[in-house]
Amino acid sequence: MLQIKNAHVYAPQDKGIQDVWIAGGKIEVVSKTLPIIDGIDCIDATGKILTPGLIDRHVHITGGGGEGGFCTQAPAVTASRLIHGGLTTVVGLLGTDGITRSVENLVAKAKGLKDQGISVYCMTGAYGYPSITITDSVQKDIVFVEEIIGCKLALSDHRSSHVTSEELMHLASDVRVAGMLSKKAGILTLHLGDEKPGLQMVMDILDQTDIPIKTFQPTHVNRNLALLQQAIGFAKRGGTIDITCDSTEGVYQVLMKIKEEGVCMDQVTLSSDGQGSWSKYDARGNLLQIGVSYVDTIYKQIVYLVKQKNWSMEDALALGCRNVAKALELYPKKGVIQKGGDADLLLWDKDLNLDTVIAQGNILMKNGKLLTKEMF
């Protein structure tokens, strides 16, 4: 058991000064008047902020990249990097490379990170179509592989398979049914590129079928203004849109535009694209530049919004915890501080530096010092 005393709790809504009891990896009690019990570990959080752990729905846990040859493959993520970024839950997925990278390797890495205390889910598939899988079936992957909650596909990107509307419709239907059968989210994470069609094919399918809009979950929608405008229309229809954290001010401007257009901010999430590659190409399609994205950008974006743009902690925080948990259908197990939820918690100091990271009731970092160690 673990007790946290006198913390200013953002659940993510502002709950004021509260005490929290943790037992069996779950939050048992949140109250203003809990006594200190001898023999129970206690953290005095006076002057600190307690929040849910951050959830990153887009991490290349086995490494992304490769568009410039084998030497440009990004390395796999480490648990220590995730912890330092305040991430207690991540979704691992593949990118451009579904040839030298595999879903088998992805799930194996997920299991390894879980052994180190992080909650990890996965998407089968990659950029291409037909989707690469473990079982030779997207549906069977989702139904029978514990970690897999959906599928990934690239749209409107020069590296995609340029699926037809019928192919996208069939894949979305398969993912939807598999999610129903396995009581999982059953979502199709859509990597959006710069090509002009953008989200149009998805919008047409929504007009033609009864596939729920929650099945389609587009990411990188802040890639260009035209795509962002499409995404705003998608969100106004009830869909969730995911913003990739690539720069503090740029993402802030995108969020403000979404707000000004009247979108409910509960339908907006942030992700890092961590350990994936960013790349730039010339007009002939030649690679000009490539780099790796970091996994701490959600944390940094929240800090920027609060300290530089005067956002409330609860509004900024929701983009990286509660909203994500709801989109992935992990709420209220994840993304909130309340009785019965997983004890995935962060303590922040008054300057919003991360002090302590707790995942499923286990302290992974305390007073800024990492307590869990890499195997190698």
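Looking only at residues that are of a type outside the set (A, V, I, L, M, F, W, C) and either touching a Cys at 6+ places or on another chain (Cβ under 6 Å) or crowded, with 18+ Cβ neighbours inside 10 Å (or both) in the stretch 163-181, which one is farthest from residue 91 (Cα to Cα)?
Checked the stretch 163-181; the qualifying residue farthest from residue 91 (Cα to Cα) is 174.
Among the listed residues 34, 50, identify the single one that is part of a strand (DSSP E or B) and either hydrophobic (A, V, I, L, M, F, W, C) or open to solvent by 10 Å² or more (accessible area, probe 1.4 Å) (or both).
Exactly one residue qualifies, and that residue is 50.
What number of residues within the stretch 1-31 are in contact with a strand residue (DSSP E or B) (Cβ under 9 Å, 6 or more places away or on another chain), exposed (fewer than 13 other Cβ atoms within 10 Å of the Cβ) and more than 29 Å from residue 311 (Cα to Cα)?
0
Every residue in the stretch 280-328 that is within 17 Å of residue 14 (Cβ to Cβ) and not in a helix (DSSP H, G or I), please.
Passing the criteria: 310, 311, 312, 319, 320, 321.
What number of residues in the stretch 253-265 are surrounded by fewer than 18 Cβ atoms within 10 Å (Cβ to Cβ) and either at pLDDT below 95 or out of contact with any helix residue (DSSP H, G or I) (no Cβ under 6 Å at 6 or more places or on another chain) (or both)?
8
Please work out which residue is nearest to the chain's Cα centre (by Cα), limiting yourself to the stretch 278-310 and to residues that are of a type in the set (S, T, N, Q) and within 24 Å of residue 253 (Cβ to Cβ).
297
When you scan the stretch 144-152, do you find a residue that is touching a residue at least 12 places away in the same chain (Cβ under 8 Å), in a loop (DSSP other than H, G, I, E, B) and more than 14 Å from residue 187 (Cα to Cα), even just one?
yes
Does the stretch 215-235 include one or more residues that are on the phi > 0 side of the Ramachandran plot and either touching a Pro at 6+ places or on another chain (Cβ under 9 Å) or open to solvent by 30 Å² or more (accessible area, probe 1.4 Å) (or both)?
The answer is no; no qualifying residue exists.
Quick check on my filter: what residues within the stretch 196-214 are over 18 Å from residue 241 (Cβ atoms) and open to solvent by less than 60 Å² (accessible area, probe 1.4 Å)?
Across the stretch 196-214, the qualifying residue is only 209.
Looking only at residues that are of a type in the set (S, T, N, Q) and open to solvent by 50 Å² or more (accessible area, probe 1.4 Å) in the stretch 97-114, which one is nearest to residue 61 (Cα to Cα)?
That would be 105.
If a residue must be open to solvent by 30 Å² or more (accessible area, probe 1.4 Å) and either farther than 15 Å from residue 93 by Cα or in a loop (DSSP other than H, G, I, E, B) (or both), how many such residues does the stretch 73-82 contain?
Total satisfying the criteria: 4.
The values are calculated or read from the model by the stated rules, or taken from the named source; none is laboratory data. Given the structure is predicted, the values throughout are model-derived calculations rather than measurements. All Cβ positions, glycine included, derive from the backbone under ideal geometry; neighbour counts span all protein chains shown. Ligands, DNA and RNA are stripped out before the accessible areas are found, and what is left, the full protein with its side chains, is counted by its heavy atoms. Shrake-Rupley method; radii C 1.70, N 1.55, O 1.52, S 1.80 Å.
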